[in-house]
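Structure, as structure tokens:
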Amino acid sequence: MALVAAGVALARWRPFRIEVVGGSMRPALEPGEWAIAVRAGAAAPGVVVVLEHPERPGFELVKRLIDVAPGGELWVEGDAEDASTDSRTFGAVAPGQLVGRVVLVYHPWRRARLVGRR
């Protein structure tokens, strides 16, 4: 039964791993950390998300979701303002550019933790 539940969870959340590169999300995420993100569920303001860069198809960014506009557009920003390319640079992003939300850091082990809302 546990295997069935695990299979259903994997199919629903479709987890994937990301590597944190650069300091734009300090102090929430540090360069060199590895995290798990999930594709399921709506993201709410305050969560850390993975999105496709609006001007560089295929290039993914990790940012914090700040706001969802009435048309569904997303405003995202890095926690370290001086080190981040985000909506302050390229504007709001379409909901279809959202790839997932970051839920936990697993590497390095000594810094493993859940990633929640701010």
Subject >> Count of residues meeting criterion [within 20 Å of Gly22 (Cα to Cα), touching a strand residue (DSSP E or B) at 6+ places or on another chain (Cβ under 9 Å) and surrounded by fewer than 14 Cβ atoms within 10 Å (Cβ to Cβ)] in the range 47-68 >> reply: 2
Original post:
Across the range 34-57, what is the total count of residues that are closer than 16 Å to Ala80 by Cα and assigned to a loop (DSSP other than H, G, I, E, B)?
Top reply: 2
Original post:
Looking only at the range 69-93, which residues are under 15 Å from the mean Cα position of the chain (by Cα) and open to solvent by 30 Å² or more (accessible area, probe 1.4 Å)?
Top reply: Trp75, Glu77, Asp79, Thr85
**OP:** Take Arg113 and decide whether it is within 15 Å of Leu29 (Cβ to Cβ) and open to solvent by 20 Å² or more (accessible area, probe 1.4 Å).
**Re:** yes
**OP:** Residues being acidic (Asp, Glu) and either closer than 21 Å to Arg113 by Cβ or modelled with pLDDT under 95 (or both): count how many of those fall in the range 39-59.
**Re:** 1
**OP:** Filter the range 18-45 down to the residues that are touching a residue at least 24 places away in the same chain (Cβ under 8 Å) and loosely packed, with under 12 Cβ neighbours inside 10 Å, then identify the one that is nearest to the chain's Cα centre (by Cα).
**Re:** Ala44
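The values are calculated or read from the model by the stated rules, or taken from the named source; none is laboratory data. Because the structure is predicted, anything quoted here is derived from the model rather than measured. Positions of Cβ are backbone-derived with ideal geometry, glycine not excepted, and every protein chain shown enters the neighbour counts. All accessible areas refer to the heavy atoms of the entire protein, side chains included, with ligands and DNA or RNA removed. Shrake-Rupley method; radii C 1.70, N 1.55, O 1.52, S 1.80 Å.
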